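Values in this text are rule-based calculations from the coordinates and carry no lab data. Every value quoted in this text rests on a predicted model; they were computed, and no experiment measured them. Glycine gets a Cβ as well: all are built from the backbone with ideal geometry, and neighbour counts include every protein chain shown.
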Amino acid sequence: MPTRRATLASLLMLGAAGCTVGPDYARPSAIISPTFKEAEGWSPAAPGDLLDKGDWWTLFNDPILSALEARVLVSNQTLIAAEAAYRQARALVSEQRAALFPTVNLNAGATQSGGGSNSGGNNGSYRVEIGGTWEPDIWGRIRRTIEAARANAQASEADLAAARLSAQGELAADYFGLRETDAEMALDQATVDGYRRTLQIATNRFNAGIIPHSDVLQFQTQLDNALADLAGLKQQRATYEHAIAVLVGEAPGNFTLAAITNWAPTLPEIPVGVPSTLLQRRPDIAAAERRMAAANAQIGIQRAAYYPNITLTGSAGFASSSLGSLFNASNFLWSLGLAGVQTLFDAGARKARVEQAKAAYDQTVAQYRQTVLTALQDVENQLIASRVLAEQYVLRRSASASADAAERMVDNRYQAGQVSYLEVVTAQAAAYAARRTLVQTLAQRETTAVALIQSLGGGWRQPAA
C-alpha cells in the first residue's frame, strides 16, 4: 500500500508540474510609423484620454443622438448575437479548464435473478462505488488548449467591441445624414417659397404685357424642379429613418424622428495619439492579435501528440449479494489503474499536423500586420479628409454668401427691367446650389468625425492578455 500511494502521489505531482511543450507566445512586431503623416497641423482635444470614457457620441452634444446610441447597446440584434458568441467563447474556456481535474462518477446497481427448481431460488447482487478518471497534463496539452480557448474568448470580446463600435458609428452616420436631409428640406422649402413669389411676380408682369410668356414658363419649370427635388429628399429622409429604426431594434413602421429645421451641429475636437496606441485601442487589431495567440497555442497542442497519453483510474465501493450487508467492511472493494498510450507509427500524420499549426500561425501573423496597416490607413484617410473638409467649409460658406448677394442684386435689377429672366434663373440656381453644398459639407464634416473616432478605436481599450 505505501508503494501504491507513493506512485499515486508522484503521478499527481507530475501532472501538476509537468512541462508545457510548444512555443510560448510573444506578440510579433507590426509595421507602424512614429507619427501620423496627415496629423501635421492637427489640434487634438485635451485631455488625450477623452475617448476612453466610452460614450464618444456625447462629444457631438446632441441629446437625441445620445438617447439613440443608448438604445443600440440594448436592442440591436447584431450586438445581441455578438454578445451571445462572446458568452459561448467564455463557457468554452471553463469547459477546457475542467479537463485539468479528475472526472468522478457514482455508480449503483441492483439485480435479482431466479429460475427453475434447480436454480437454488432467487439470487441478488448489489453494488455501490465511486470511480474516477484523470489524465494528468504532463506535457501541457490541456494547458495549451485552455490558452487557445482563452485567447479565442478575448478575440470574441474584441469582436463584440468591434460590432458595437460599428453599430454605434453607423447609427451616428445615419443620424447625421437624416439631419442633413432635414436641413436640405428646409432649404428647399424656402427655395420653393421664393420661386413661387418670383413666378407670381413674373405672371403679373406678363399679364401687364411687360415680359413674354416664355419668362413665365421658365420660372414655372424652375419651381417644378425644386418641388421634385423636395420630394426626393422626403424619400431620402424616410430611408435614413428606417435604417435608424432597425439599428435600435424597432420595426420601421413604429419609429419616427421629428424633423429639425434649424440644425446646428457641434463639431468636436478629437484626440489623436501616436500610431502605436492603435495596437491597444482598435478592437479589430486586438481580435487579430488574440487569434495569433490562439494559433500559437495550437502548435503546442499538436506537438504534445508526440508524447504518450497517461490516464489514471480508480474506484472504491461495496458489493454484496445482500442489501442489508452491502456496507459491511468485508464487502469493500477498490481498484487503481494506470494506462499509457504512445503512437509508434502514423506515417507522418503528427508532423503534418504540427506543420499545419505553424502555417496557420504564420497566416494569423500576416493578417495581424495587415490589420494594423489598414488601421493606420483608415486614420490617415480620415485625418486628411477632416482637414480638407474644414478648408472646404470656409470656402463653401464664402461662396454661398456671395451667391446669395448676387441673387438679391440680379432679382432687384430684373424687377427694374434691367436684366433678362435668364440672368435671374442663373443667379437663383447658383445660390441654391451653393447653399445646398454648404449644408452637405457640414454634414460630411460630422460623418468624417465619426469615421475618425471609429478608426481610432472609439472608447474601447484592449483587455489584458
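Near SER75: Cβ cut-off under 15 Å, other residues only, Lys/Arg at +1 and Asp/Glu at -1. The net charge is -2.
Hey, what's the per residue convex hull volume over the C-alpha atoms of the chain, in cubic angstrom? Could you put the intermediate results ahead of the total?
Details: hull volume 131.1 nm³, N = 465.
So the per-residue hull volume is 282 Å³.
Counting neighbouring Cβ atoms within 10 Å and putting the fewest first, the residues HIS213, HIS242 line up as HIS213, HIS242. Helix 421-455 and the longest principal axis of the C-alpha atoms of the chain enclose an angle of approximately 20°.
Determine which aspartates and glutamates satisfy two conditions relative to LYS234: a Cα distance under 18 Å, and not lying fewer than 8 residues away in the same chain. Of all the aspartates and glutamates, those that pass the test against LYS234 - Cα under 18 Å, at least 8 places apart if same chain - are ASP174, GLU180, ASP182, GLU184, ASP188, ASP193, ASP224.
Relative to the longest principal axis of the Cα atoms of the chain, helix 213-247 runs at roughly 20 degrees. Seen through its C-alpha gyration tensor, with square-root eigenvalues sorted a ≥ b ≥ c, segment 106-197 comes out oblate because a/c lies at 1.5 or above while a/b is not bigger than b/c. Summed over all non-identical Cα pairs, the Kirkwood treatment of segment 265-409 gives a radius of 23.1 Å. Ranked by the mean number of other Cβ atoms within 10 Å of their residues, highest first, the peptides 96-106, 178-188 come out as 178-188, 96-106. Just to confirm the filter: which chymotrypsin sites (Phe, Trp or Tyr not before Pro) across segment 344-406 are DSSP coil and have at most 12 other Cβ within 10 angstrom of their Cβ? Taking segment 344-406 and a limit of 12 other Cβ atoms within 10 Å, the loop chymotrypsin sites (Phe, Trp or Tyr not before Pro) found are PHE345. Our coupling estimate for segment 327-333, obtained by passing each phi through the Karplus curve with A = 6.51, B = -1.76, C = 1.60 and θ = phi - 60°, is 9, 5, 4, 5, 9, 6, 10 Hz, Gly and Pro reported as x. Residues ARG205, ARG164, ARG350, ranked from the fewest to the most other C-beta atoms within 10 Å, line up as ARG350, ARG205, ARG164.
Roughly how tilted is helix 63-75, in degrees to the nearest 10 and between 0 and 90, from the longest Cα axis of the chain? On a 0 to 90 degree scale, this one is about 30. As a proxy for reagent exposure, VAL21, VAL128, VAL341 were ordered by neighbouring Cβ count within 10 angstrom, fewest first; the result is VAL341, VAL128, VAL21.
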